[in-house]
Amino acid sequence: MDINARAKEKPQSGGAAPQAPLPARAAAMLPRKLNETQEETESETEASNSCNANANDWIHFSQWIHCFCVVTFDLNLGQALEYVYPPEFMPSDQEVSNICYMAFPDSNSGCMGDTKFHMRLRAIAKQQHQQKPLPIYNGDCAPALRQDSSHYWGFVYFRQKRDANLPRGYFQKSFIIITRLPFFNLYYDILAQLAPKYFDEGTDILRQACEQINSHWPGLRVGQTLHLPLLECNYQICIPRATSSRKSPTESASSSSNEFSAPQTLASSKVLSSVNEIELFRSLSFVMEQLYTLWELVITAEPIVVVATSPADCSHMVQALVALIAPLEYCAEARPYFTIHDSEFREFTQECSSKTGLPACILGVTNPFFVKLLKDWPHMLRLVDNQKNMQQQQQLLMGQKSSHRNATSFSSGSSADQLASRSSMKTTPALNGGGSSNGTDGSSASGLHTKYKPYLKKDKALIKKVLLGLKTKRPEHVQTALIRRHLLELTQSFMIPLERYMASLMPLQKDISPFKSAPNASSFKLDDFLATLETAGPQLTSPLKGDWKGLYRRFFRSPNFRGWYESRHRELQLTLQDLQLQALSEANLEHWAHDKQEVEIIDMILKLKQKLNLYSDKSQGLDGIAWLSAHNSSSASHRMSTQQQIQAQIECMKGLLPPDLKNVVNL
């Protein structure tokens with residue numbers, strides 16, 4: 001039966017309470033009856049085991065997508081889950097609640113038609129279909145592309161249209177892709193392809209898409225061209241590596257020709273230049289004057305609330321803010337779309353006292369209630385009503401700059417919308433970090449409201465270049481490339497001194513002995529690092545002037561620093577262990593053992609075995625992300641050679657012991 005037709009058949013009033021739109025889910029969501037029999041319980045357990053077995057049939061599909069969900073508006077239940085496919089990957093009750101509430105705009109009066117946006121929600125571990133991590137993929141790719149085992153990404157296609165046949169007079173339904181991968185460009189494109197077909201053709205198209213993904217999509221691989229056929233389209237993507245190292249062309253060619261190669265009969269092919277890099281200019285053109293202030297706020301993980309009237313605008317802006325500091329990983333929380341019904345609402349908004357401080361978080365919201373609730377947050381970014389007005393506002397900003405000397409008003413030929421935009425821009429007293437914006441006059445104005453005083457002076461040349469591009473109608477993707485490259489250079493200039501200092505904490509090669517434990521890397525000392533900035537600071541590579549030391553001190557207290565430091569320190573420790581293992585593999589242990597007691601030789605054999613087991617465990621992914629990140633430049637053959645040499649050393653040591661002693665100690 002057609003889904004839309006099924007929605008029309010719902011009882012409107014009276015009689016028994018209606019069933020939830022998803023029958024299979026309804027029983028799970030209702031409390032169990034007190035007189036439930038033992039046979040019913042056993043039957044449910046068997047069904048759960050069967051579901052777990054069937055989940056293994058979707059092993060390739062689950063690498064890319066967790067499930068498809070459909071959320072509808074039920075007259076008696078409100079927003080309710082109507083359909084999940086594959087059914088084996090049914091979300092937990094708490095996840096269902098979060099998905100349902102965030103699948104619709106908070107205030108959908110202005111979202112008539114189709115709206116696309118994305119959200120992020122915390123995953124609740126479920127033993128029956130808990131997804132296995134992919135350490136090899138996570139170790140090879142950049143942090144921004146890693147599979148997140150603790151959170152889901154949800155890509156939403158919301159449709160609202162008038163329908164006199166429905167009780168409330170409106171058709172309201174959302175199609176959602178649930179995944180653990182932050183591939184914004186890929187999933188938004190898939191969303192645009194699948195959702196309209198689903199609304200027109202029903203659930204059969206989703207089953208067809210799932211089976212095609214599971215049968216023809218390759219496993220997640222980094223640094224290769226992957227073909228992803230979906231219905232009549234064939235996506236071509238390449239997931240970049242975390243470092244500049246690349247496989248040889250022959251290796252890439254041989255590994256890309258696999259059993260999941262795309263069929264050649266597909267009608268169209270679509271090449272995605274990037275799976276995750278969104279168009280920054282779409283959102284940042286609105287705040288170009290505050291670009292450097294926002295960069296400082298994000299890199300120091302300051303709490304920011306983004307207020308918009310559309311979930312599409314706020315989710316895109318939040319993602320653009322996180323991308324400001326690429327390739328540095330943003331280690332605080334970021335919620336592209338957040339509602340008052342989220343299960344973590346209290347955690348982010350009410351559990352923050354003056355003692356604990358505000359959370360390091362970027363929240364994207366559309367409900368005006370948050371403006372009052374989060375009035376104590378130090379940074380609020382208010383967006384204009386829609387993207388068209390954002391572009392008009394930038395054009396007006398250019399007009400203000402060109403007529404700044406005469407302080408003239410806008411031409412009398414301005415439209416009503418432009419005049420409204422102009423009036424909103426006049427009440428933004430805190431756009432450049434000066435003055436208060438918590439008063440009633442400025443709190444409703446669009447722009448960045450903050451008392452934050454930037455440490456660095458902005459680069460006016462870049463701002464002029466981008467605004468000139470607006471005047472000359474430069475394409476958005478060119479404007480985005482210009483902004484992205486500049487921000488990349490700025491972030492690299494900021495991180496190079498930190499990376500250089502971190503490398504200096506590495507012990508000298510002469511301190512690594514095959515007969516001693518691996519030395520530890522020195523700890524990070526802020527004062528020592530700041531002392532290096534005079535001769536090797538960011539001023540060598542960045543044209544920006546200002547208080548770099550003050551910015552580093554603020555960064556040092558942020559979760560972004562802690563995340564970066566813990567990752568780098570772990571890599572140093574693993575590298576030191578690897579160097580010590582290599583020294584052991586190359587040492588002349590036979591010469592070392594000629595004057596040693598048998599107990600010392602046995603102790604060396606046990607140490608070698610322990611090192612070999614640790615090395616094997618890391619290569620198999622027990623400490624996969626950190627280990628693989630530290631060894632991206634090492635070839636598999638080199639690692640295999642080291643293990644073989646260690647095994648040879650063990651056999652050599654065994655040969656020095658008498659047979660009866662080897663049997664006693666079980667070597």
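With the checklist (1) open to solvent by less than 60 Å² (accessible area, probe 1.4 Å); (2) modelled with pLDDT of 50 or more in hand, flag the one item GLY434 doesn't pass.
Going through (1) open to solvent by less than 60 Å² (accessible area, probe 1.4 Å); (2) modelled with pLDDT of 50 or more one by one, GLY434 breaks only (2).
Can GLU302 be described as charged (D, E, K, R), part of a loop (DSSP other than H, G, I, E, B), open to solvent by 10 Å² or more (accessible area, probe 1.4 Å) and out of contact with any His (no Cβ under 8 Å at 6 or more places or on another chain)?
Numbers: charged (D, E, K, R): yes; part of a loop (DSSP other than H, G, I, E, B): yes; open to solvent by 10 Å² or more (accessible area, probe 1.4 Å): yes; out of contact with any His (no Cβ under 8 Å at 6 or more places or on another chain): no.
Here the answer is no, as GLU302 does not meet what is asked.
Answer with yes or no whether SER315 is crowded, with 20+ Cβ neighbours inside 10 Å, in contact (Cβ under 8 Å) with a residue 40 or more places away in the chain and among the small types (Gly, Ala, Ser). I'd like the intermediate steps shown before the answer.
On the way: crowded, with 20+ Cβ neighbours inside 10 Å: yes; in contact (Cβ under 8 Å) with a residue 40 or more places away in the chain: yes; among the small types (Gly, Ala, Ser): yes.
For SER315, the condition - crowded, with 20+ Cβ neighbours inside 10 Å, in contact (Cβ under 8 Å) with a residue 40 or more places away in the chain and among the small types (Gly, Ala, Ser) - is met.
Tell me yes or no: at least one residue of region 157-177 is in a helix (DSSP H, G or I), in contact (Cβ under 8 Å) with a residue 60 or more places away in the chain, among the hydrophobic types (A, V, I, L, M, F, W, C) and in contact with a strand residue (DSSP E or B) (Cβ under 6 Å, 6 or more places away or on another chain).
From region 157-177, those in a helix (DSSP H, G or I) are none; that's our starting set.
Checked against the condition, which is being in a helix (DSSP H, G or I), in contact (Cβ under 8 Å) with a residue 60 or more places away in the chain, among the hydrophobic types (A, V, I, L, M, F, W, C) and in contact with a strand residue (DSSP E or B) (Cβ under 6 Å, 6 or more places away or on another chain), region 157-177 yields no hits at all.
May I ask you to list the residues in region 66-89 that are in contact with a His (Cβ under 8 Å, 6 or more places away or on another chain) and under 14 Å from ILE176 (Cβ atoms)? If you could, list the steps in order and put the result at the bottom.
Start the filter on region 66-89 by keeping residues that are in contact with a His (Cβ under 8 Å, 6 or more places away or on another chain), which leaves 88-89.
PHE89 - this is the single residue of region 66-89 that is in contact with a His (Cβ under 8 Å, 6 or more places away or on another chain) and under 14 Å from ILE176 (Cβ atoms).
In region 373-387, how many residues are at pLDDT 90 or above and in a helix (DSSP H, G or I)? It would help to see each step written out before you state the result.
As a first pass, look at region 373-387 and keep what is at pLDDT 90 or above: 373-374, 377-383.
When the remaining residues are screened for being in a helix (DSSP H, G or I), the result is 373.
Of the residues in region 373-387, 1 are at pLDDT 90 or above and in a helix (DSSP H, G or I).
Rundown of residues vs (1) of a type in the set (Ser, Thr, Tyr); (2) open to solvent by 40 Å² or more (accessible area, probe 1.4 Å), yes/no style:
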{"site": "PHE494", "(1), (2)": "no, no"}
{"site": "MET502", "(1), (2)": "no, no"}
{"site": "ASP511", "(1), (2)": "no, yes"}
{"site": "PHE515", "(1), (2)": "no, yes"}
{"site": "PRO519", "(1), (2)": "no, no"}
{"site": "LYS525", "(1), (2)": "no, yes"}
{"site": "THR532", "(1), (2)": "yes, yes"}
{"site": "ALA536", "(1), (2)": "no, no"}
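Look at GLY469 and say whether it is outside any loop (DSSP other than H, G, I, E, B), of a type outside the set (D, E, K, R) and without any contact (Cβ under 8 Å) to a residue 40 or more places away in the chain.
Working: outside any loop (DSSP other than H, G, I, E, B): yes; of a type outside the set (D, E, K, R): yes; without any contact (Cβ under 8 Å) to a residue 40 or more places away in the chain: yes.
When the stated conditions are applied, GLY469 passes them.
From (1) over 28 Å from ARG241 (Cα atoms); (2) part of a strand (DSSP E or B), pick out the condition that doesn't hold for ILE205.
ILE205 satisfies every listed condition except (2).
Pairs needed: first member in region 538-562, surrounded by 18 or more Cβ atoms within 10 Å (Cβ to Cβ); second member anywhere, in a helix (DSSP H, G or I) and among the polar types (S, T, N, Q); C-beta distance under 6 Å; at least 6 residues apart or different chains.
Listed pairs, sorted by first residue: PRO538/SER493; SER542/SER493.
Looking at the structure I just gave you, is THR309 over 14 Å from the mean Cα position of the chain (by Cα) and outside any helix (DSSP H, G or I)?
Details: over 14 Å from the mean Cα position of the chain (by Cα): yes; outside any helix (DSSP H, G or I): yes.
So THR309 fits the description; yes.
Can you tell me which residues in region 90-105 are among the hydrophobic types (A, V, I, L, M, F, W, C) and either under 11 Å from HIS341 (Cα atoms) or open to solvent by 10 Å² or more (accessible area, probe 1.4 Å) (or both)? Walk me through it before giving the result.
To start, the set of residues in region 90-105 that are among the hydrophobic types (A, V, I, L, M, F, W, C) comprises 90, 96, 99-100, 102-104.
Once the filter is applied, which keeps residues that are among the hydrophobic types (A, V, I, L, M, F, W, C) and either under 11 Å from HIS341 (Cα atoms) or open to solvent by 10 Å² or more (accessible area, probe 1.4 Å) (or both), region 90-105 yields MET90, ILE99, CYS100, MET102.
Pull out all pairs, ordered by first then second residue, where Cβ-Cβ is under 6 Å, the residues are six or more apart or on different chains, the first lies in region 494-513 and is over 13 Å from ARG568 (Cβ atoms), and the second is open to solvent by 20 Å² or more (accessible area, probe 1.4 Å) and at pLDDT below 90.
PRO507/PRO519; ASP511/PRO519; ILE512/LEU579; ILE512/ALA583
Could you grab me the full set of residues in region 138-179 that are open to solvent by less than 10 Å² (accessible area, probe 1.4 Å) and either more than 26 Å from HIS316 (Cβ to Cβ) or touching a Ser or Thr at 6+ places or on another chain (Cβ under 6 Å) (or both)?
GLY139, VAL156, PHE158, LYS173
So, MET288, is that one more than 19 Å from TRP153 (Cα to Cα) and open to solvent by less than 10 Å² (accessible area, probe 1.4 Å) or not? Give the steps one after another, and end with the answer.
On the way: more than 19 Å from TRP153 (Cα to Cα): yes; open to solvent by less than 10 Å² (accessible area, probe 1.4 Å): yes.
Yes.
The values are calculated or read from the model by the stated rules, or taken from the named source; none is laboratory data. Here the structure is a predicted model, which is why all the values come from computation and not from measurement. Ideal geometry is used to build each Cβ from the backbone, glycine not excepted, and the neighbour counts take in all protein chains shown. Ligands, DNA and RNA are excluded from the accessible area calculation, which covers all protein heavy atoms including side chains. Shrake-Rupley method; radii C 1.70, N 1.55, O 1.52, S 1.80 Å.
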